[in-house]
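Notes to accompany the following structure.
The values are calculated or read from the model by the stated rules, or taken from the named source; none is laboratory data. Source: prediction; values computed, not measured. Cβ sites come from the backbone with ideal geometry, for glycine too, and all protein chains shown count toward neighbours.
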Amino acid sequence: MKFSRIVGTGSYLPEKVLSNEELSKSVDTSDEWIRERTGIRQRHIVADGQYTSDLALNASLQALDAAGIHADDLDLIVLATSTPDVVFPSTASILQEKLNVRGCGAFDVQAVCAGFAYALSVADQFIKAGTCQNVLVIGAETFSRILDWTDRTTCVLFGDGAGAVVLTGGDKAGLHSTHIHADGRFQDLLHVPTGVSKQYNEMFKAQTAVQMNGQKVFKWAVREMSALAIKTLEENGLNADDVDWMVPHQANFRIIEAVASKVGVPMERVVVTVQDHGNTSAASVPLALDTAVRDGRVQPGDKILLEAFGGGFTWGSALITM
Ligand SMILES: CC(C)(COP(=O)(O)OP(=O)(O)OC[C@H]1O[C@@H](n2cnc3c(N)ncnc32)[C@H](O)[C@@H]1OP(=O)(O)O)[C@@H](O)C(=O)NCCC(=O)NCCS
């Protein structure tokens, strides 16, 4: 049996930082409100002319460098995003061109904030099946481009960024299990009402930004992520004490805390980066993972529980040995 293993991680945040203080000059909010409700202190915002594929490229180059793998040796690129550069081609194809490689498969996965869990799961199947040896998996977003910057209930929460991992096939288990779920009944609670097909309908024309019922999303996120995290541990015959690090979706500190408490992982073993970049959607889990790898918290051999939740609703998890 072949397994996949993470052999390199990388991440990138755009240069421009938008603090809560700065944001409160243009929208009716305050640093205190945002920090108390979400834990977020600042977010990063892309520059004019900088796109999702550019953020993905920076994160990917770091991950490839850390893995010691040349882009030419990639068999597949799977990129999770809800903010692609263009309608088509896929941002994965654009990234392939920016990496200056040819021929390997490249496609996008769209599962909003659970996108990286989905992309990781897809990549894992290709390696386990023996179809691919080296797969680049990225979560990259420019959410600042789909926000209504006058809507204080959403614009304070999100930011731009990218994270990437290189997966390689081998005999030793790195990814023990991945789990993905969706429930389309709840799409109206967190969505962008327009798109390619719907934009031609007059009724939806003005609704081009993220809309959310924050309280309902909060409850569902806590409930589903903690239930799935517990199921993931059970399916691997483990309990919370066996987990070295939990790397959750970075949407809101209170959601992270509530899930960790239900799963039984103390906050000292939970990677939290949301304060530095807000919710970067599909980028948030690989960004947090890379941060903890680079600052030395996550060590080779550590057991990591990843989990994420997003619009759709979609949610997913993975149990990994680094
Ligand atoms: C969005 C969220 C932070 C709001 O926190 P909350 O405690 O539920 O706050 P409420 O929505 O009840 O709003 C409370 C008050 O704050 C106000 N408010 C909302 N956003 C505000 C802001 N940015 N600044 C100041 N006040 C704000 C509301 O208008 C409301 O005022 P009112 O009582 O006068 O009507 C919270 O619901 C949340 O984090 N939800 C999950 C969001 C998420 O993570 N989504 C992505 C998942 S992938």
Exercise for the section: For residues that are closer than 20 Å to Phe116 by Cβ and not in a helix (DSSP H, G or I), tally how many sit in the range 233-271. Expected result: 14
Completion exercise
Of (1) in contact (Cβ under 8 Å) with a residue 24 or more places away in the chain; (2) over 21 Å from the mean Cα position of the chain (by Cα), Glu32 fails just (1)
Fill in the blank from the handout: Checking Thr291, Thr321, Thr280 in turn, the sole residue that is more than 14 Å from the ligand (Cβ to nearest atom) and over 20 Å from Ser177 (Cβ atoms) turns out to be Thr291
Practice task
Would you check if Ala318 is closer than 20 Å to Val122 by Cβ and not basic (Lys, Arg)?
Solution key: yes
Problem - Residue, surrounded by the most Cβ atoms within 10 Å (Cβ to Cβ), within the range 36-57, restricted to residues that are within 16 Å of the ligand (Cβ to nearest atom) and touching a residue at least 40 places away in the same chain (Cβ under 8 Å) - result: Arg43
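Look through Val285, Val265, Val243 and report the one residue that is in contact (Cβ under 8 Å) with a residue 24 or more places away in the chain and within 20 Å of Ala80 (Cα to Cα). Break it down into steps so the answer makes sense when it comes.
Working: Val265 fails: within 20 Å of Ala80 (Cα to Cα); Val243 fails: within 20 Å of Ala80 (Cα to Cα).
Going through Val285, Val265, Val243 in turn, the sole match is Val285.
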Exercise for the section: Scan the range 159-202 for residues that are more than 16 Å from the ligand (Cβ to nearest atom) and in contact with a Pro (Cβ under 9 Å, 6 or more places away or on another chain) and jot them down. Expected result: Ala162, Ala164, Val165
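Of all the strands (runs of 3 or more DSSP E) wholly in the range 128-199, which have at least 3 residues that are assigned by TED's automatic domain parsing to the domain that holds Val274? Lay out the reasoning, then the answer.
Working: elements: 134-142, 160-170, 175-182.
Per the criteria, 175-182.
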Problem - Within the range 203-222, considering residues that are in a loop (DSSP other than H, G, I, E, B) and touching a residue at least 24 places away in the same chain (Cβ under 8 Å), the one farthest from the ligand (Cβ to nearest atom) - result: Thr208
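Output the residues belonging to the range 60-84 that are acidic (Asp, Glu) and under 16 Å from Ile6 (Cα atoms).
Applying the first criterion (acidic (Asp, Glu)) to the range 60-84 yields 65, 72-73, 75.
The answer is Asp65, Asp73, Asp75.
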Practice task
Determine whether the range 146-155 contains at least one residue that is of a type in the set (Lys, Arg) and closer than 30 Å to Val222 by Cβ.
Solution key: yes
Problem - Positions within the range 151-203 being over 30 Å from Ser19 (Cα atoms) and under 18 Å from the mean Cα position of the chain (by Cα), in sequence order - result: Val166, Leu167, Leu175, Ser177, Thr178, His179, Ile180, His181, Ala182
Problem - Yes/no for Ser90 being out of contact with any Cys (no Cβ under 9 Å at 6 or more places or on another chain) and either modelled with pLDDT of 95 or more or within 16 Å of the ligand (Cβ to nearest atom) (or both) - result: yes
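Identify the residue in the range 223-261 that is aliphatic (A, V, I, L, M) and within 9 Å of the ligand (Cβ to nearest atom) and, among all such residues, is surrounded by the most Cβ atoms within 10 Å (Cβ to Cβ). Don't jump to the end; show me each part of the working.
First, the residues of the range 223-261 that are aliphatic (A, V, I, L, M): 225, 227-230, 233, 238, 240, 243, 246-247, 251, 255-256, 258-260.
Then drop every residue that is not within 9 Å of the ligand (Cβ to nearest atom), which leaves 251, 255.
Working: Ala251: 27, Ile255: 24.
Residue satisfying both the conditions and the ranking: Ala251.
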